[in-house]
Amino acid sequence: MSQDIYVVIEHLRGQVADISYTMLAAARELSRATSGKVIAVLLGHNAKNLARDFAADQVLYLDHASLAEFTSDAYQKALAELISKDQPRAVLFGNTSIGADVASVLSMRLGLPLVNSCRSFTSEAKFISQICGGKIMAEGELPSPTALVTMVPGGYQPDQGKSVESPPVTESAVPALEALRVTLSKYIEPESADVDISKEPLLIAVGRGIQNKDNIELADALAQAIGGVVCASRPVIDQGWLPTSRLVGKSGKHVKPKIYFAMGISGAPEHVEAITQSDTIIAVNTDPRAPIFNVAKYGVEMDIFELVETLTETVKQAK
Amino acid sequence: MNATEVAERSFEAKVLEAVPDGERLRLCLECGNCSGICPFGYLMLYPPSRMIAMMRADRINKVLETDTIWMCVSCYACTAVCPSKIPVTPGLMTSIKEELLLVGNVPAELQNALANSQRYGNPLGESPRKRADWTMGIQPEVKVMAKHKQPVDVLWFVGDYASYHPRVQSATKALARVLNALGVDFGILGAEENSDGDSQRLAGERGLFEMLAEKNGRAFSKYQFNKIITSDPHAYNALKNEYPALGISYPLQHYTEFLAERIDQIKLLLKRQISARVTYHDPCYLGRANGVFDPPRELLCAIPGVELAEMTHNHSNSLCCGGGGGGMWLDGFQWEKAHVRLSDWRVREAINTGAEVLAVACPYEPPRFEDAAKTMPGADKLKVRDIAELLAEAMDV
Amino acid sequence: MMNIVVLAKLVPDLVEELTIDASGAALDLTFARWIINELFDDHAIEQGILLKERSGGTVTVIAPDLEGADDVLFTAAAKGADRLIKVRSDFSAANNHAVARAFSAIIKGFQPDLILTGVQAHNDLDGSAGPLLAESLGLPYVGYVSGVALADGKFMVKKEYPGGLIAEMEVTLPAVFGIQAAEQPPRYVAVSKVRQAMKTSSIEEMDASDLDLSGAPEIERMFQPEAAAHAEMLEGTPEEVSAKLVALFKELGVL
């Protein structure tokens, strides 16, 4: 039994996922309330070097050939043993394709309570989860003895979970990983066809305010700098400036990105109905009464051409 | 036997039974008028005349493998020009869409609208509880029958888009104010009103149509009123031509008919001039399908300052806005196939009349025409206004 | 002949306004409309039926007895499900741990080769039902699945990762999969077909053992995040606004 907060690091093909750092940042906040340590748990094979920038007090490293890449069965077995042995105060998982395959199973296997979709912790070690498509927040005491928690992004900055100093790494014993029922056969690379805007987390949307085809490049430059994809309202698609696959609106796709950055879009209902599931809408428009400002969380009253190049430069410098 | 085979075997019989004069199908001359006048006929692999030929050749299964029938907007243009008076739209086109639906050949957008209609009673997927939310702020208050509990003279069947669509709501509110100004004793069903189901029926979902009609029928039977008026020509068509066969029959008027009967009373209230050249778009289901051409024009001409100009296609020759027969829920699909919109065509005609106002009388139209006008050269000064909005403006209510 | 079981969960419809009850710690479900967890469980049903059509077998769809369950089950029958089961208990206040335990006791008796359910639901406060069910049954679980095939006595499943990367996983039978998306979008069934299914198929009712709610956290309070009625306007020169936007992008975790 300890007051430590364990964070199960997520990585694929040698890349540590951002949610890992978000969780390290969350764990730091939680550890202050529990007066425990932040322990990063890294499962892998010859992967110790991945631990170099974790903002953790310690890294527990579990090495096994069957842990080289994520599979649910092997992760569950290895972590079940570790958690039963160490009994930390909480174990954080991503609410992701990796963490969600493991956390619920361990909850049932070990008889430990599970908090799902946690966004942040309070200074009194309470969890705040978001449910019902983000419409409702639920708050409660971190359950005992060991709380398993799956985390969604948004409550903490991944940067806060990074450190310039490498934390000490301790190897931890791995149980026999035999008779595994789930094994990785291969990875299939994403198709190189046009992007599916309904699945993109960051959309730079252009409307009639973009004026002509050449100006699409300005939006593209911003999108590339920030790591997003350009999409458009109907007038732009009608002109043939972007393919139909990029159309957002009544006759196009409904989207639900983390950020919908609307440039020169007035916000006609045909368009707005397709973007309401976005986490955050930011709108730039010259007309302060444009209806887009009624659905946007943040607004800028400005000509997009005054802003876009400066913004692109600022984004590049910030990276 | 798979679903396609079932469909194939009985398709002709189904068409013949679908409408009272279904057997006229056998009188097809293969003149091709139907396919020629069809606004999207050039894109259909099997436009109506070819489909009839395929049926005669017992090869309707080939037709069921294609998806271009979903270009049909049930505008009745084919039906209006058929020299053999074949009920092409209600018989042939609706039946073939029913077959497509049964074999699961349905564009995703349309599925969505149909699923919404099943679950929420409206194709927009809005909460039924919010169906009367548009009445907020209207004085005197709009009576919702479940709450009012008294007989009314007129039951207003508002319709889906008129109830929920933010643009169309302004026309709905205008009509409520006009009715109030005229002292009409009216009520609405509010949350108890379901989609009239007509466009769903014409998109092939007969079962859904019947389900919705039964729900509306039950709601009607709970209250006392003398007649039904509706803002929606699609609801008008359903209530007038389809509901009676299901045992749901009430005196019915489109709001333009109802108001035109009170033209003398209205004239006294029209105190403001609207000095504008106005052109009027005949909605398919008010005009061509049901012969209501004059009342909307009488109302427009009664407004001081209005100069009515006709478009090239008018009255029974009117062009479809593209929203009928499920077209309202196939915008993306049809755009992919056509890269042109029927509403563009209509707005161009409106511009050519030199009109400043394109007057409409169907809730599908304001968003469709306004959307088209956004990108149409020369349309920057064209305003799309429902007749009710023009009347309310001229009455200053 | 594959024996496929699909667990179809029902969730409160988010189209209606959500309110919090007098306790302040739970949703007021008095007027909730219970619908299928459509983004995911509808796909699980579709995937089950696609597998049946491709490889043969039977599809059993099992749902909790909430208002709306009959619609879900008859619609599944119209799509091709063979057996419909409604499990009776007070599920409106149940959590996923309880649902998983109750359903595992029943599903075990069917000796399925494959159990499908949606990968998540919007009210999963204590984890998702799929992995909880898998562990209750002692079966392997893979979630975020967008394709299932049976080959050489094993399942080959496609598991989705962010950015479009897919992992092909080999899984022994029997197994539980959390479906992210069926191999093709759920089919539409005409109302006439559903009405016909209501006449030709029947729903078996089974009783769940007492619900064991342990494993879920206790909720002390629920609240609605504040919604902006109007955008918060960022003022300044283009340079100042850019700096504010970049700070915002960072805060929102995209930079």
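The values are calculated or read from the model by the stated rules, or taken from the named source; none is laboratory data. Since this is a predicted model, take the numbers as computed values, not measurements. Here Cβ is always computed from backbone atoms with ideal geometry, including for glycine, and neighbour counts include all displayed protein chains.
Just so you know, in region A:167-190 the residues that are within 11 Å of chain C (Cβ to nearest Cβ) and over 22 Å from the mean Cα position of the chain (by Cα) include one that is surrounded by the most Cβ atoms within 10 Å (Cβ to Cβ), and it is A:VAL182. Scanning region A:1-14 for residues that are within 14 Å of another protein chain (Cβ to nearest Cβ) and either under 15 Å from A:GLY161 (Cβ atoms) or among the aliphatic types (A, V, I, L, M) (or both) turns up A:GLU10, A:HIS11, A:LEU12. On the stretch given as region C:173-217, residues that are within 14 Å of chain B (Cβ to nearest Cβ), within 21 Å of the chain's Cα centre (by Cα) and not β-branched (Val, Ile, Thr) total 7. Identification of strands (runs of 3 or more DSSP E) wholly contained in region C:38-128 with 3 or more residues that are under 16 Å from the mean Cα position of the chain (by Cα) yields C:57-64, C:114-118. Scanning region C:3-27 for residues that are within 14 Å of chain B (Cβ to nearest Cβ) and out of contact with any His (no Cβ under 7 Å at 6 or more places or on another chain) yields C:LEU10, C:PRO12, C:ASP13, C:VAL15, C:GLU16, C:GLU17, C:LEU18, C:THR19. All conditions but one from (1) in contact with a helix residue (DSSP H, G or I) (Cβ under 9 Å, 6 or more places away or on another chain); (2) over 19 Å from B:ARG368 (Cβ atoms); (3) of a type in the set (S, T, N, Q); (4) touching a residue at least 24 places away in the same chain (Cβ under 8 Å) apply to B:SER249; the one that does not is (4).
For region B:16-61, which positions are of a type in the set (Val, Ile, Thr) and more than 27 Å from B:SER318 (Cα to Cα)? Answer for region B:16-61, where residues must be of a type in the set (Val, Ile, Thr) and more than 27 Å from B:SER318 (Cα to Cα): just B:ILE60. For region B:171-184, a residue qualifies if it is of a type outside the set (Val, Ile, Thr), part of a helix (DSSP H, G or I) and out of contact with any Asp or Glu (no Cβ under 7 Å at 6 or more places or on another chain), and the qualifying residues are B:LYS173, B:LEU175, B:ALA176, B:ARG177, B:LEU179, B:ASN180, B:ALA181.
Scanning region B:338-378 for residues that are of a type in the set (Lys, Arg) and not in a loop (DSSP other than H, G, I, E, B), we see that the one that is modelled with the lowest pLDDT is B:LYS374. Looking at the structure I just gave you, is A:ILE128 within 24 Å of A:SER35 (Cβ to Cβ), touching an Asp or Glu at 6+ places or on another chain (Cβ under 6 Å), touching a residue at least 12 places away in the same chain (Cβ under 8 Å) and surrounded by fewer than 24 Cβ atoms within 10 Å (Cβ to Cβ)? Judged against the criteria, A:ILE128 is a match. Residues that are more than 7 Å from chain C (Cβ to nearest Cβ) and among the acidic types (Asp, Glu) were ranked within region A:264-319; the one that is nearest to A:GLN211 (Cα to Cα) is A:ASP303. Output yes when any residue across region B:163-181 is within 14 Å of chain C (Cβ to nearest Cβ) and farther than 30 Å from B:ASP21 by Cα, and no when none is. Yes, the conditions are met somewhere in region B:163-181. Meeting the requirement of 1 or more residues that are surrounded by fewer than 22 Cβ atoms within 10 Å (Cβ to Cβ), the helices (runs of 4 or more DSSP H) wholly within region B:53-170 are B:60-64, B:77-81, B:94-102, B:108-120, B:145-148. Annotation note: of B:VAL397, B:VAL357, B:VAL347, B:VAL340, the sole residue that is more than 22 Å from B:ILE69 (Cβ to Cβ), within 14 Å of chain A (Cβ to nearest Cβ) and among the β-branched types (Val, Ile, Thr) is B:VAL347. A:PRO167 meets each of the listed conditions (1) in contact (Cβ under 8 Å) with a residue 40 or more places away in the chain; (2) out of contact with any Phe, Trp or Tyr (no Cβ under 8 Å at 6 or more places or on another chain); (3) of a type outside the set (Asp, Glu); (4) not in a strand (DSSP E or B) apart from (2).
Could we say that A:PRO143 is facing chain C (nearest Cβ under 7 Å) and either assigned to a helix (DSSP H, G or I) or modelled with pLDDT under 90 (or both) here? For A:PRO143, the condition - facing chain C (nearest Cβ under 7 Å) and either assigned to a helix (DSSP H, G or I) or modelled with pLDDT under 90 (or both) - is not met.
Here the condition is being within 13 Å of chain C (Cβ to nearest Cβ) and either surrounded by fewer than 22 Cβ atoms within 10 Å (Cβ to Cβ) or modelled with pLDDT under 95 (or both); of A:ALA55, A:ALA51, A:ALA68, it holds for A:ALA68 alone.
Residue pairs whose Cβ atoms lie under 8 Å apart, separated by 6 or more positions or on different chains, with the first residue in region B:273-289 and closer than 21 Å to B:ASN241 by Cβ and the second assigned to a strand (DSSP E or B), are B:PRO283/B:VAL360; B:LEU286/B:HIS254.
Could you check region A:27-52 and list, in sequence order, the residues that are over 29 Å from A:GLU124 (Cα atoms) and in a strand (DSSP E or B)? Selection gives A:LEU43, A:GLY44.
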